[in-house]
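**Q** There's a structure below that I have some questions on.
Just so you know, all these numbers are worked out from the coordinates, no wet-lab data involved. Since this is a predicted model, take the numbers as computed values, not measurements. Don't worry about glycine lacking a Cβ; one is built from the backbone with ideal geometry, like all the others, and counts go over all protein chains shown.
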Amino acid sequence: MDATVQAGPLRHFLQFRDLSHDEIKYVLKRALLIKDKFKRYQAHHTLHDRTLAMVFEKASTRTRVSFEAGMYQLGGSVIHLTTNDSQLGRSEPIEDTARVISRMVDLVMIRTFEQTRIERFASHSRVPVINGLTNEFHPCQILADILTFIEHRGDIQGKTIAWIGDANNMAYTWLQAAEIMGFTLHVSAPTGYKLDPARTGQPPASVLREFDDPLQACKGAHLVTTDVWTSMGYEDENEERRKAFADWCVDEEMMQMAQPDAIFMHCLPAHRGEEVSGAVIDGPQSVVWDEAENRLHLQKALMEFLLLGRLDDEIN
Ligand code: CP
Ligand code: NVA
């Protein structure tokens, strides 16, 4: 018998498109309500007595703190595991780990390497599994980024988002979001680091436009965003990436190509002087601290949704 009681069929959040447009709208709205209550010090214990296990196979600051604080604030508790302090580091199969952990907790968040690894975990889990970043996707971050955009500029539908730099886990997640949420993604990456057509397919120009020149990608954008040149797991390529990405630093010239009221985002951690200038990330158009904070509120809404479904009536 399952250790947990769920509101409906088992749902995972392994990539952005695991939620429908309608469900994303609900989670975003719910996150705003939860944030409002948090700011007014009102208790919101919808996950009382529930337990979240977090499995980190890569480093983290924001993801760990936001999930851990978020679960406690919802009235639940958290277990933190890493590869090195669990049997995962001694080659216990991920499937066996999933079978065991998911008999003891209500929800699992994993940060790992290949997407296939989290999929293998999820397919042997009795409880919802959330992607806290894989080599391929970072869906919680993009949900928080969209929440941040909405707070600062309103509806994201019909807007233009410029992605400058590596076609990494963030870029592919933005692309899924563009397809679902109805905005246009401009991508500019150096040769050798562009989006892989085998992964993207052939999205229409209303969804994706690629540019060799990062300045052209920024033209008319409502949001300019970037990420590290070297993602976790690719550190061996650091030196060659530094050379390849030298012209892909988001600076004031790029921001001037965007809409006059364009905002700047970065999932963090950032390297000033590499993918973004200090003047931009610390300047008036940057919303990176709101963006980081929104991981907390958004993920509380997501955890609630995966465990309890829609809570259309305010409770607690
Ligand atoms: N943006 C993000 O996921 O940050 P961490 O790596 O610190 O969790
Ligand atoms: N693309 C980065 C994001 C870090 C939050 C990485 O995967 O390391």
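**Q** Mind checking which residues of region 11-37 are hydrophobic (A, V, I, L, M, F, W, C) and surrounded by fewer than 19 Cβ atoms within 10 Å (Cβ to Cβ)?
**A** Step one: filter region 11-37 for residues hydrophobic (A, V, I, L, M, F, W, C), giving 13-14, 16, 19, 24, 27-28, 31-34.
L32, L33 - these are the residues of region 11-37 that are hydrophobic (A, V, I, L, M, F, W, C) and surrounded by fewer than 19 Cβ atoms within 10 Å (Cβ to Cβ).
**Q** Starting from residues that are in a loop (DSSP other than H, G, I, E, B) and within 21 Å of the chain's Cα centre (by Cα), keep the ones in region 269-284 and report whichever is nearest to R64 (Cα to Cα). Give the steps one after another, and end with the answer.
**A** To start, the set of residues in region 269-284 that are in a loop (DSSP other than H, G, I, E, B) comprises 269-271, 273-275, 277, 282-284.
In the following step, the residues that additionally are within 21 Å of the chain's Cα centre (by Cα) were identified as 269-271, 275.
On the way: P269: 13, A270: 17, H271: 20, E275: 24 Å.
Restricting to residues being in a loop (DSSP other than H, G, I, E, B) and within 21 Å of the chain's Cα centre (by Cα), the top hit is P269.
**Q** Please verify whether region 68-75 includes one or more residues that are surrounded by 17 or more Cβ atoms within 10 Å (Cβ to Cβ), in contact (Cβ under 8 Å) with a residue 12 or more places away in the chain and out of contact with any helix residue (DSSP H, G or I) (no Cβ under 8 Å at 6 or more places or on another chain). Step through it out loud before you land on a result.
**A** Taking region 68-75 as the starting set, the residues that turn out to be surrounded by 17 or more Cβ atoms within 10 Å (Cβ to Cβ) are 68, 70-71, 73-74.
Subsequent filtering for residues that are in contact (Cβ under 8 Å) with a residue 12 or more places away in the chain retains 68, 70-71, 73-74.
Of the ones still in play, those that are also out of contact with any helix residue (DSSP H, G or I) (no Cβ under 8 Å at 6 or more places or on another chain) are 68.
Yes, region 68-75 contains a residue that is surrounded by 17 or more Cβ atoms within 10 Å (Cβ to Cβ), in contact (Cβ under 8 Å) with a residue 12 or more places away in the chain and out of contact with any helix residue (DSSP H, G or I) (no Cβ under 8 Å at 6 or more places or on another chain).
**Q** Looking at region 29-40, can you tell me whether even one residue there is free of Cβ contacts under 8 Å to residues at least 60 places away in the same chain and either closer than 17 Å to V129 by Cα or not basic (K, R) (or both)?
**A** yes
**Q** For region 108-127, give me each residue that is more than 15 Å from ligand 2 (Cβ to nearest atom), farther than 12 Å from I94 by Cβ and surrounded by fewer than 24 Cβ atoms within 10 Å (Cβ to Cβ).
**A** Start the filter on region 108-127 by keeping residues that are more than 15 Å from ligand 2 (Cβ to nearest atom), which leaves 108, 116, 119-127.
From the residues that got through so far, the ones that are farther than 12 Å from I94 by Cβ too are 126-127.
R126 - this is the single residue of region 108-127 that is more than 15 Å from ligand 2 (Cβ to nearest atom), farther than 12 Å from I94 by Cβ and surrounded by fewer than 24 Cβ atoms within 10 Å (Cβ to Cβ).
**Q** For region 75-94, state whether one or more residues are more than 17 Å from G309 (Cα to Cα), among the aliphatic types (A, V, I, L, M) and part of a loop (DSSP other than H, G, I, E, B).
**A** no
**Q** Right, another one. For L10, are the conditions met, namely being assigned to a loop (DSSP other than H, G, I, E, B) and touching a Pro at 6+ places or on another chain (Cβ under 7 Å)?
**A** Working: assigned to a loop (DSSP other than H, G, I, E, B): yes; touching a Pro at 6+ places or on another chain (Cβ under 7 Å): yes.
In short, yes.
**Q** Here's something else I'd like to know. Limited to region 163-219, what total is found for residues that are surrounded by fewer than 23 Cβ atoms within 10 Å (Cβ to Cβ), among the acidic types (D, E) and in contact (Cβ under 8 Å) with a residue 40 or more places away in the chain?
**A** Total meeting the criteria: 1.
**Q** Which is within 16 Å of ligand 1 (Cβ to nearest atom) and closer than 25 Å to F137 by Cβ, of F245, F264?
**A** Working: F245 fails: within 16 Å of ligand 1 (Cβ to nearest atom).
The match here is F264.
**Q** Kindly indicate which of L133, L28 is of a type outside the set (D, E, K, R) and away from ligand 2 (no atom under 16 Å from the Cβ).
**A** Working: L133 fails: away from ligand 2 (no atom under 16 Å from the Cβ).
Answer to the selection: L28.
**Q** Within region 297-316, is even one residue assigned to a loop (DSSP other than H, G, I, E, B), touching a Gly at 6+ places or on another chain (Cβ under 7 Å) and closer than 26 Å to I150 by Cβ?
**A** Filtering region 297-316 for residues assigned to a loop (DSSP other than H, G, I, E, B) gives 309-316.
After this cut, where a residue has to be touching a Gly at 6+ places or on another chain (Cβ under 7 Å) as well, the list is 309.
Cutting the leftovers down to closer than 26 Å to I150 by Cβ gives us 309.
Yes.
**Q** Could you give every pair whose Cβ atoms fall below 7 Å, whose first residue belongs to region 127-147 and is farther than 12 Å from R111 by Cβ and away from ligand 1 (no atom under 14 Å from the Cβ), and whose second residue is of a type in the set (V, I, T) and part of a loop (DSSP other than H, G, I, E, B), counting only separations of at least 6 or pairs across chains?
**A** Close Cβ pairs (under 7 Å, with a partner that is of a type in the set (V, I, T) and part of a loop (DSSP other than H, G, I, E, B)) amount to V127/T4; V127/V105; I146/I156.
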